[in-house]
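Engineer: Below is a structure I'd like to ask you about.
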Amino acid sequence: MRPRHDLHSLLAQIDPQADLAQRHLWLIGLLGWLRGAGDSVPDTLSRLTLLLDAVQAQPETQARLQAWWQTLVDTVDITLLLADFGFAPRTALLSELAERLRLKILPGTPETIDATELFTLALPTAFDAQWLAALPVELLERLMRVLCADNGHCTRWQRALLDAMTYCAGQILSTGFAPELRLRMPPEARAAQPFHALIRDVESLRVEVLHGLRTPDRLQEAAQRLRERLDACRSAATSVYSHFEDNGISVGLVFRLRQLRARVVRMRELLECVLSPTPALHGARLLGHLVQVTQERRSVRAVFRANSSLLAAKVAERSAETGEHYITRTSAEYNAMLGHAAGGGAVMAFTTLMKFALGTLALSAFWAGFWAGMNYAISFVLVQLLHFTVATKQPAMTAPAMAAKLKELGSGEAVNAFVDEVVHLVRSQVAAVLGNVLVVFPGVLLLCAGWQLWFDAPFLSDKQVHYSLQSLHLLGPSVLYAAFTGVLLFASSIMAGWAENWFVLYRLDSVLRYNPRITALLGQSRAARWAQFLRHNISGLAANISLGFMLGLVPVFATFFGLGLDIRHVTLAAGQIAAAGMGLGLAEALQLPAFWWALITLPFLAALNVGVSFYLAFRVALSAQNVSGVERSRIYAAIRARLRTQPLDFFRPRPPK
């Protein structure tokens, strides 16, 4: 505890006639003295008791303190602090990030009548929330008696709370009347008109609180009516979420809904403060909560977390529906996946040879990357249109479908059912990888053999052969590059979810089908076919085209910036090894250690391509579903138990009984 004479010095400096900045600096200094080292709540409460004892022992000091307090409440507007503090004014990440950095780096000034700015200067630490929450009601009531010369403070506090409630109600009303929100409400929610009477209910409460002839029954009736109105507003806002699947998700709309729900919670807190028989106690608890909001408002990590949560809500639900198609549950579906993957491997064999052919053109770095990306994109789109599959594209799409099932967890049976889905998913990935690799390898061998027979020369030169094998050596950077490729696979799934959501949000299928200019150009039947095709394939097209160009161009840009990153895609790598083996001659290749080192690398490439993309997509989907850490621990334990007891189920389907 600081020496007692520090308190005497503080009390001697009370000057209600000082200028604005000096009065506020004295408040900051006093709260700093109360806080002390910021590590002991009892010490802070003891200092507050000491302060009250010292002030009450000196009537002249108490009179100056009361005059100072009166000047403070007359000068500083607390309404916005109570009503609006902690609510972000915008959804844009960069502008909100800039605001957080400004608050974190640039110091504030005490020369202000903005209660929000003064509040963040006076109570800047998380410890302030702790001691405010620990204040006993007796100490608070004593503090108010010391600060207020009469009983008018309670009425002033109630007016501030009611003004803040009116401000909150206005914000809720403007959000509730926003066209993008109203158009997504079900008809019964719009017909109930929950937002229309909100301001009237707040004003009715104001009359009952401030009118001198009010009765307790009428006050409680007005308060209950307002609570029911707030519940109706929140329920109407929640009903919008059920329309996201059909109408698409707007980040701005999700932001508005979250803000609306948070403002409803803030209004309920203010209402409880108004009605509380111990207003000082509830006021201190509210200020403690606002201190916590201050810490959140200064956090740069929090703004990234909030925006990533909005992004997750935007794309995860759209990817979940697509991902269901890649999960096999029966032996027949497993065999069908092998067939689809085999078709994908056949297409990728041609892609591999085209990749080597483009490498012989001696293009500049950018154009080499561009045409490589074009090669990959065309191949992936062809695989999609032929209803084949490429194994590494599946995990990022299936993760949201898996996470969507986590909403249903609640019992041991539900957890076991989810683990069954994990087993099905892993087995599907194994089937897809095997189908791709076991076909692309012999496919490339056959194509290279045909080239040699036709042109009487190997497809690859010795330099290309040795470079290809060395670049895939297990002890080289291939494993790191495979993990980086998994990140690109995940990024393509994000773009797929965004594109499909954008297509649905703006109803582009309806535009294509019914817009007069488009139907006049294409004809009604062709426009309808295009609309149906894009509605069912826009996600896959976006994923395939974006992935192709990222695989081609990202290494080019990474090299430009000196990052030295490259891609290692397991299916393309298998084809590359096959082409190198054929270039050497199979007999010679089988005796070359570099060939076997490259071949051993393939399982690691597959695991990292699949694992990294699935992990990142699953984390995004968990964020969208708000799955708790406890639930995650239960799931991980159940998966480990299944691995111990039935490991083969992860690799092959059980034979039918």
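Engineer: Suppose we filter ALA558, ALA580 for residues that are more than 31 Å from the chain's Cα centre (by Cα) and among the aliphatic types (A, V, I, L, M); which single one remains? It would help to see each step written out before you state the result.
Structural biologist: Values: ALA558 fails: more than 31 Å from the chain's Cα centre (by Cα).
From the options ALA558, ALA580, the qualifying one is ALA580.
Engineer: For PHE549, only one of the following conditions fails: (1) within 23 Å of GLU500 (Cβ to Cβ); (2) in contact with a Cys (Cβ under 7 Å, 6 or more places away or on another chain). What is its number?
Structural biologist: Unmet condition: (2).
Engineer: Regarding ALA589, is this residue in contact with a Phe, Trp or Tyr (Cβ under 6 Å, 6 or more places away or on another chain), at pLDDT below 95 and within 24 Å of LEU445 (Cα to Cα)?
Structural biologist: Details: in contact with a Phe, Trp or Tyr (Cβ under 6 Å, 6 or more places away or on another chain): yes; at pLDDT below 95: yes; within 24 Å of LEU445 (Cα to Cα): yes.
Against the criterion (in contact with a Phe, Trp or Tyr (Cβ under 6 Å, 6 or more places away or on another chain), at pLDDT below 95 and within 24 Å of LEU445 (Cα to Cα)), ALA589 qualifies.
Engineer: Counting just the residues of the stretch 554-573 that are buried (at least 17 other Cβ atoms within 10 Å of the Cβ) and out of contact with any Ser or Thr (no Cβ under 9 Å at 6 or more places or on another chain), which one comes out nearest to HIS473 (Cα to Cα)?
Structural biologist: Looking at residues that are buried (at least 17 other Cβ atoms within 10 Å of the Cβ) and out of contact with any Ser or Thr (no Cβ under 9 Å at 6 or more places or on another chain), I get PRO555.
Engineer: Quickly run through the stretch 529-548 and pick out the residues that are surrounded by fewer than 18 Cβ atoms within 10 Å (Cβ to Cβ) and modelled with pLDDT of 90 or more.
Structural biologist: ARG529, TRP530, GLN532, PHE533, LEU534
Engineer: Report the residue count in the stretch 18-49 for those that are modelled with pLDDT of 90 or more and over 14 Å from LEU7 (Cβ atoms). Before you say what the answer is, go through the steps one by one.
Structural biologist: Step one: list which residues in the stretch 18-49 are modelled with pLDDT of 90 or more, which gives 18-35, 40-49.
From what is left, the residues that are over 14 Å from LEU7 (Cβ atoms) are 18-25, 27-28, 40-42, 45.
Final tally of qualifying residues: 14.
Engineer: Kindly provide the set of residues from the stretch 325-366 that are over 29 Å from GLY450 (Cα atoms) and assigned to a helix (DSSP H, G or I), ordered by number.
Structural biologist: Scanning the stretch 325-366 gives HIS325, TYR326, SER331, ALA332, GLU333, TYR334, ASN335, ALA336, ALA365, PHE366.
Engineer: Right, something else. Which pairs have Cβ atoms under 8 Å, sit 6 or more apart or on different chains, and link a residue in the stretch 351-366 that is touching a residue at least 40 places away in the same chain (Cβ under 8 Å) to one that is assigned to a loop (DSSP other than H, G, I, E, B) and surrounded by 15 or more Cβ atoms within 10 Å (Cβ to Cβ)?
Structural biologist: LEU353/PHE459; PHE356/PHE459; PHE356/LEU460
Engineer: Out of VAL554, VAL511, which single residue is touching a helix residue (DSSP H, G or I) at 6+ places or on another chain (Cβ under 9 Å), over 24 Å from THR392 (Cβ atoms), assigned by TED's automatic domain parsing to the domain that holds TRP367 and assigned to a helix (DSSP H, G or I)?
Structural biologist: None of the other options fit; the residue is VAL511.
Engineer: Another question about this same structure. Criterion first (at negative phi and within 21 Å of the chain's Cα centre (by Cα)) does SER471 satisfy it?
Structural biologist: In short, no.
Engineer: Here is a follow-up. Taking the stretch 59-90, which residues are aliphatic (A, V, I, L, M) and over 19 Å from GLY283 (Cβ atoms)?
Structural biologist: Answer for the stretch 59-90, where residues must be aliphatic (A, V, I, L, M) and over 19 Å from GLY283 (Cβ atoms): ALA63, ALA67, ALA88.
Engineer: Determine whether the stretch 476-497 contains at least one residue that is outside any helix (DSSP H, G or I), touching a residue at least 12 places away in the same chain (Cβ under 8 Å) and either touching a Gly at 6+ places or on another chain (Cβ under 8 Å) or under 26 Å from LEU353 (Cβ atoms) (or both).
Structural biologist: yes
Engineer: Would you check if ARG100 is more than 31 Å from the chain's Cα centre (by Cα) and either at pLDDT below 90 or not in a helix (DSSP H, G or I) (or both)?
Structural biologist: No; evaluated as a whole, the condition is false for this residue.
Engineer: If I go through the stretch 192-203 residue by residue, how many of them are modelled with pLDDT of 90 or more, of a type outside the set (Asp, Glu) and in a helix (DSSP H, G or I)?
Structural biologist: Residues flagged as modelled with pLDDT of 90 or more, of a type outside the set (Asp, Glu) and in a helix (DSSP H, G or I) within the stretch 192-203 amount to 4.
Engineer: Go through LEU253, LEU226, LEU230 for me and flag whichever is in the same structural domain as PHE119 (by TED's automatic domain parsing), in a helix (DSSP H, G or I), modelled with pLDDT of 90 or more and touching an Asp or Glu at 6+ places or on another chain (Cβ under 7 Å).
Structural biologist: Numbers: LEU253 fails: modelled with pLDDT of 90 or more; LEU230 fails: touching an Asp or Glu at 6+ places or on another chain (Cβ under 7 Å).
Only one candidate passes the filter, namely LEU226.
The values are calculated or read from the model by the stated rules, or taken from the named source; none is laboratory data. For clarity, every value in this text was computed on a predicted model and none was experimentally measured. Don't worry about glycine lacking a Cβ; one is built from the backbone with ideal geometry, like all the others, and counts go over all protein chains shown.
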